[in-house]
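Notes follow the structure.
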Amino acid sequence: MRVVDLSHPVTTGMPVYPGDPAVSLAPALDLGTHGCAVTALHLGSHSGTHVDAPSHVVPGGATLDELDLTLFTGPALVVDARGHGPGAGVGWEPFAPHAEALAVGVVVLVRTGWDAHWGSAAYERHPHLAPSVAERLLAAGVRTLGVDTLSPDPLDDLPFHRAWLGAGGVLAENLTRLGDVSALTDPRVHLFPLALAGGDGAPVRAVATGG
């Protein structure tokens with residue numbers, strides 16, 4: 001079995017959604033003084049590679065601990081949406097060739113290639129998915145979607161979030177290396193979040209496995 005890491009490392013000063021808490025890691029205990037090493041972490045629940053629960057944008061929506069864990073794993077389907085420029089909308093065209101593969105339990109991963117801009121100002125000017133894409137994927141039974149961008153929405157509004165999370169789905173954001181998933185045989189993706197009680201989202205160590 002091969003394992004592909006789809007996660008950005010958590011580092012001090014890493015990119016965050018505008019307005020989210022800044023990420024910092026600092027020594028809390030050290031081996032020489034305390035006999036063990038412990039790192040103090042400061043970060044928001046949507047830092048780095050993470051998942052969103054419905055409660056992120058839906059009043060009364062399910063929290064992480066209320067969701068079925070099967071939502072965070074499943075057969076991976078990579079949709080190639082590369083070639084879209086900064087701030088461009090992505091419609092159904094890249095998804096259409098995969099229409100017959102869309103089904104309950106499938107995890108759809110949208111590859112825009114924008115993870116190449118991680119750490120630069122360009123990362124915030126990512127392509128975004130049209131709300132109509134959410135409607136069609138949900139109609140096919142898909143409930144888990146991941147993107148290699150800061151968000152499936154533009155930064156000034158959250159229509160895709162509201163449609164997707166409002167239907168009880170989960171979103172994974174800030175994924176990377178989605179092209180490597182396509183090279184796997186029978187790939188599966190795993191997006192298990194930290195077990196935060198009442199969590200609206202949480203960082204994940206996202207991985208894909210396959211032959």
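The values are calculated or read from the model by the stated rules, or taken from the named source; none is laboratory data. In this text, all values refer to a predicted model and were calculated from it rather than measured experimentally. Glycine also receives a Cβ, built like all others from the backbone with ideal geometry; neighbour counts cover every protein chain displayed. Heavy atoms of the whole protein, side chains included, go into the accessibility calculation; ligands, DNA and RNA do not. Shrake-Rupley method; radii C 1.70, N 1.55, O 1.52, S 1.80 Å.
DSSP finds beta bridges in the chain, and of those with both partners inside it, around 60 percent are antiparallel. The helix-only estimate of mean residue ellipticity at 222 nm for the chain, built from DSSP H runs of length n ≥ 4 each weighted as -39500 (n - 2.57), is -3000 deg cm²/dmol after division by the residue total. Take the Cα radius of gyration of region 130-197 and divide it by 2.2 N^0.38 Å, N being the number of residues; the result is 1.20.
Which value in nm describes the separation of the simple spin-label points at Ala26 and Val10, placed 7 Å from the Cα toward the beta carbon? The two pseudo-label positions are separated by 1.7 nm.
With q set to 0.15, 0.16, 0.19, 0.23 Å⁻¹, the log10 of I(q)/I(0) for region 1-120, from the Debye formula over equal scatterers at the Cα positions, is -1.02, -1.13, -1.35, -1.39.
The residues of region 1-49 present an accessible area of 60 Å² per residue when probed at 1.4 Å with all protein chains retained. For Ala40 and Thr70, the FRET efficiency from 1/(1 + (r/R0)^6), where r spans their Cβ atoms and R0 equals 41 Å, is about 0.75.
Both numbers refer to the Cα atoms of the chain; Rg and Dmax are 17.1, 60 Å. If you run the Gaussian network model on the chain, springs between alpha carbon atoms under 10 Å, then out of Asp20, Asp156, Asp65 the most flexible one is Asp156. Select from Pro21, Pro187, Pro54 the residue whose mean-square fluctuation is largest in a Gaussian network model of the chain (Cα-Cα springs shorter than 10 Å). So, out of Pro21, Pro187, Pro54, the one fluctuating most is Pro21.
Note on the chain: GNM, Cα springs under 10 Å; of Ser45, Ser120, Ser132, the largest mean-square fluctuation is that of Ser120.
Quick note on region 90-211: its Rg to Rh ratio, both from C-alpha atoms and Rh being the Kirkwood radius, is 0.94.
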